[in-house]
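One structure is given below, encoded as structure tokens.
The numbers here are math on the coordinates, done by the rules we state, and not lab data. None of the values given here were measured: they were computed from a predicted structure. All Cβ positions, even for glycine, are placed from backbone atoms using ideal geometry, and neighbour counts span all protein chains on display.
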């Protein structure tokens, strides 16, 4: 994995060039960012809608690129747009609620002696994160799943860094309570034995300097 500061600098340079009309830079910018945008939207909305919402995010970004001045890194700027796209979709969905399938959750939580596979654990974490209060969920996903630092996450969410730190800490507390309440195997009194994609444990208090 490369230095994220280099990646952000390169992505921002591509966005600036794309905003000036460079089509090659535009293609490279989309390729460099679309995975993070899609993953973010998968957590904020129904997975079946994530592809369409990713396209909507880029449509909005293309209209706004000529005005992008690089005052923040392009990935942060783009994830801010994705967050607004998700919020708009959620508002639309309020008027047409539907039942979300929960078969995966039932399978994961089926029995106290069932050994969890890596896939099951990922499903469990996704289900629990989806139940978080929206602001805490967004902060948790951006920092713990997408790897943004707290300053960039604060820009995406439009709040102070201290608020992000608090939201991440409270999100983890919420996850611990949810896991313990579900009597999921592998979870001790101090919290869930859940890991992020790649094997990283769910982080506790936000790391300073991030």
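Note that region 4-94 shows a convex hull volume over its alpha carbon atoms of 85 Å³ per residue. Modelled this way, with points 7 Å down the Cα-to-C-beta line, the labels at residue 177 and residue 23 are 5.4 nm from one another.
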